[in-house]
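Trainee: Let me begin by handing over the structure; questions about it come next.
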Amino acid sequence: MTIYISPIVEGETEDKCLEPLLQRIWNEEIQSSMRLQVFSAIVSKRDQLLSDKHSQLLESVERAAIRLKSKLQRDVGSSGIVLLLLDAETDCPIQLAPKLLSRCKRDDIQLACVLAMKMFENWIVAGASTLAGFNNLPDTLPACVNPEEVHGSVWLDKQMRLKDATRKYRKTDDAREFVRRMNLVDAHNNSRSFRKLCKELRALLPPPIELTPETPT
């Protein structure tokens, strides 16, 4: 059985980093024996996806749904989900996610919305304990007390410049390296929005088979 994820994201960083991150969560945290396949993401602008006056959200969900349903029709017995992954920025994920889901609710597919608080890089910051000395980060990397409150990419940029003042954070390339090495347990413990992502993945697992007790003879 294969689990398919058809993602919608807002930028190149999420497009390049989401698949390896989801695979790590699936294999290392959830430890499922089922195969996970993540489609290449549909990239749309955040302001258009959030706008009530723009059709971009519905159009992106429709594209993601068509691709997902086509795969599921050919792979009988498998399941999948359309995953909308955006940066929360200054919005409250608890308020914004249900609003987005209500706008694009469908009966023919499973749909989930995860908003990184404040941005995708904040998940990296939350799991940065294994990144000291890696990819131009300083050998001594201070723990971020409130990883969901800082500006994630600015925090990473500042740390990298401590080691080399000319080395700035390269948003997509560096993030892709970091997600392959970041501490998933710390990210889970330190970031509520990261836990939401893990929860949505775990929900894709089939329910456990309940064994019926044998009838005495």
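The values are calculated or read from the model by the stated rules, or taken from the named source; none is laboratory data. The model shown is predicted, which means the values in this text are computed figures rather than measured ones. Cβ coordinates were reconstructed from backbone atoms using ideal geometry, including for glycine residues, and neighbour counts include every protein chain displayed.
Trainee: Only one residue in A116, A143 is at negative phi, surrounded by 18 or more Cβ atoms within 10 Å (Cβ to Cβ), touching a residue at least 12 places away in the same chain (Cβ under 8 Å) and small (G, A, S). Which one?
Mentor: Just a single option satisfies the conditions, and that option is A116.
Trainee: Let me ask you something else. What are the residues in the range 25-66 that are aromatic (F, W, Y) and free of Cβ contacts under 8 Å to residues at least 40 places away in the same chain, if any?
Mentor: F39
Trainee: Looking at (1) more than 18 Å from L205 (Cβ to Cβ); (2) at pLDDT 95 or above, find the lone condition where Y4 falls short.
Mentor: (1)
Trainee: I would also like to ask the following. What are the residues in the range 161-180 that are closer than 14 Å to R24 by Cα and loosely packed, with under 15 Cβ neighbours inside 10 Å, if any?
Mentor: Hit for the range 161-180 is R180, nothing else.
Trainee: Next up: Please enumerate the residues belonging to the range 168-207 that are in contact with an Asp or Glu (Cβ under 8 Å, 6 or more places away or on another chain) and part of a loop (DSSP other than H, G, I, E, B).
Mentor: K168, Y169, S191
Trainee: Let me confirm something: among I94, I81, I124, which residue is modelled with pLDDT under 95 and surrounded by 13 or more Cβ atoms within 10 Å (Cβ to Cβ)?
Mentor: One residue alone meets the criteria, I94.
Trainee: Could we say that D139 is farther than 17 Å from I5 by Cα and out of contact with any Ser or Thr (no Cβ under 8 Å at 6 or more places or on another chain) here?
Mentor: Yes, satisfied.
Trainee: In the range 160-185, what count of residues is obtained for those that are in contact (Cβ under 8 Å) with a residue 24 or more places away in the chain and farther than 17 Å from F120 by Cα?
Mentor: So the count comes out to 5.
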